[in-house]
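Accompanying notes for the structure given below.
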Amino acid sequence: MTAAHSTSCGPGAIGALRTDVPSLNLTTTGLYDPPPARNARRPRQQPESKSVAVPLKQTLRIGAYVLRQHLSGAKRYPLVLMMEPLFRCNLTCAGCGKIDYPDDVLNARLSVADALASIDECPAPVVVMAGGEPLLHREMDRIVRGALARGKFVYLCTNALLLEKKLDQFEPNPAFTWTVHLDGNREDHDHAVSRDGTFDQAVAAIKAARARGFRVNINCTLFNNADPARMAEFFDFAHSIGVEGITLSPGYAYERAPDGQHFLTRRTTKDLFRTLFRLGKGRGWKFTQSSLFLNFLAGNETYACTPWGNPTRNVFGWQRPCYLLGEGYARTYKELMEETDWESYGTGKYEKCADCMVHSGYEPTAVTDTLNHPLKAARVALFGPRTEGPMAPDLSLDNQRPAVDRYAEVLEEGRALLKTDPS
Ligand code: SF4
């Protein structure tokens, strides 16, 4: 019953898996093309038959980047820069852990100059604009244009309430994708965001954006009350209105989310995704994530988190350790990468990470695994994640350090940075 577009907004940017046409690239891309299940329903109308979840040019450029990093022996490198130019939102989703800041923080904005300087600092080939609601930032169009001019692939995550109104400020570009937050069909989505009419507004905006030639994906966060059969119908519907790719995510258990009752455990996440992938066979869904990340969601991989893969820049600074978890801030990207105690985070290391299976930390791990085991990635791409049989062992939680409530301390640290470096 909850939604947090911020959970699933992200690095669906770097891979693509679809259920109808096999292909594979070296980086994150995987796709699976299992034969249609007996009695499987065919996808409804798919008017954008030439659309792809991730363009080939993007896949190749990011693949080359990842390969260069590996060949150079880089120990840590970023894939996606998560940018939160503001925390203010025009919705109050019960599963969101980003919007309960005091007003002075909600009113803060990352300036265009600071946003672009951060993009220059961080070599990630993909930039995801998230928040809060990025379209509440009056100069979001300038930030997007600046990022595109720097050769980045840009994804703008939005609840779409302002999308039609702001469409004129943006231009279609193969490197620019709207990522619209939709957590299910009309009933499920409106319930999730606690406002009737939101689904219809988002769908109208998606159609308007597609009609104008924009690329449009959706991001979809799943909680423990997700009904796989209803979600399957929703995915069919999304493709029928021209959505090019779906980014899936299990909801991260934000400790400050108003509704903490519906977050998934690791086991329920795996069961849910296995059911979903079984239902998806032969339906032509296009996911934006890699085959091995989806294999991980289906319980077939034992992955440790790669928390530096998606560094996060918000109004305070560079958030440690990741987009989901705020445990402090660095002033610069370099400081973030060099002075964060990365070994303290991830499932099995920290209680707050225990149930996390979000792409923010685990898609970069899947990328590395793809490079190390391309044949496995190809196999999953062709046949899909295994949805029956034993699951891969999970990481032990026996030695994880207990959760520490650092909210007040971290908020003060952030506010101090806001005062010294007003954005
Ligand atoms: S497991 Fe990784 S991505 Fe998830 S909250 Fe922990 S550090 Fe962040």
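The values are calculated or read from the model by the stated rules, or taken from the named source; none is laboratory data. Only a predicted model underlies this, so the values are computations on that prediction, with no experimental measurement involved. Here Cβ is always computed from backbone atoms with ideal geometry, including for glycine, and neighbour counts include all displayed protein chains.
Among all positions in segment 342-364, there is no residue which is more than 21 Å from the chain's Cα centre (by Cα), more than 16 Å from the ligand (Cβ to nearest atom) and part of a helix (DSSP H, G or I).
Scanning segment 325-341 for residues that are in a loop (DSSP other than H, G, I, E, B) and closer than 18 Å to Arg76 by Cβ, which turns out farthest from the ligand (Cβ to nearest atom)? Of everything passing the filter in segment 325-341, Thr332 is farthest from the ligand (Cβ to nearest atom). If you go through segment 50-76 and keep only what is surrounded by fewer than 21 Cβ atoms within 10 Å (Cβ to Cβ) and either hydroxyl-bearing (Ser, Thr, Tyr) or in contact with a helix residue (DSSP H, G or I) (Cβ under 7 Å, 6 or more places away or on another chain) (or both), you end up with Ser51, Tyr65, His70, Ser72, Arg76. On inspection, Arg68 qualifies as out of contact with any Pro (no Cβ under 6 Å at 6 or more places or on another chain) and at pLDDT 50 or above. Close Cβ contacts (under 8 Å, 6 or more residues apart or on different chains) running from residues in segment 91-111 that are without any contact (Cβ under 8 Å) to a residue 40 or more places away in the chain to residues that are among the hydroxyl-bearing types (Ser, Thr, Tyr) comprise Ile99/Thr92.
On the stretch given as segment 294-307, residues that are near the ligand (Cβ under 9 Å from one of its atoms) and either touching a strand residue (DSSP E or B) at 6+ places or on another chain (Cβ under 7 Å) or among the aromatic types (Phe, Trp, Tyr) (or both) total 1. Please determine whether any residue of segment 359-368 is touching a His at 6+ places or on another chain (Cβ under 9 Å) and over 20 Å from Phe263 (Cα atoms). Checked segment 359-368: at least one residue is touching a His at 6+ places or on another chain (Cβ under 9 Å) and over 20 Å from Phe263 (Cα atoms). Scanning segment 76-92 for residues that are at pLDDT 95 or above and of a type in the set (Val, Ile, Thr) gives a single hit, Val80. Farther than 15 Å from Arg266 by Cβ and among the acidic types (Asp, Glu), is that true of Glu351? It is false that Glu351 is farther than 15 Å from Arg266 by Cβ and among the acidic types (Asp, Glu). The residues in segment 82-104 that are of a type in the set (Lys, Arg) and over 15 Å from Arg138 (Cα atoms) can be counted, and the count is 1. Limited to segment 130-144, what total is found for residues that are basic (Lys, Arg) and either buried (at least 22 other Cβ atoms within 10 Å of the Cβ) or assigned to a helix (DSSP H, G or I) (or both)? The number of residues fulfilling the criteria is 1.
Determine, yes or no, whether Leu375 is of a type in the set (A, V, I, L, M), at pLDDT below 95 and either near the ligand (Cβ under 9 Å from one of its atoms) or more than 20 Å from the chain's Cα centre (by Cα) (or both). Give the steps one after another, and end with the answer.
Numbers: of a type in the set (A, V, I, L, M): yes; at pLDDT below 95: no; either near the ligand (Cβ under 9 Å from one of its atoms) or more than 20 Å from the chain's Cα centre (by Cα) (or both): yes.
It is false that Leu375 is of a type in the set (A, V, I, L, M), at pLDDT below 95 and either near the ligand (Cβ under 9 Å from one of its atoms) or more than 20 Å from the chain's Cα centre (by Cα) (or both).
Applying the set (1) touching a helix residue (DSSP H, G or I) at 6+ places or on another chain (Cβ under 8 Å); (2) surrounded by fewer than 20 Cβ atoms within 10 Å (Cβ to Cβ); (3) on the phi < 0 side of the Ramachandran plot to Val127 leaves exactly one unmet item: (2). Of the listed requirements (1) part of a loop (DSSP other than H, G, I, E, B); (2) within 16 Å of the ligand (Cβ to nearest atom); (3) more than 26 Å from Gly280 (Cβ to Cβ), Arg313 misses just one: (1).
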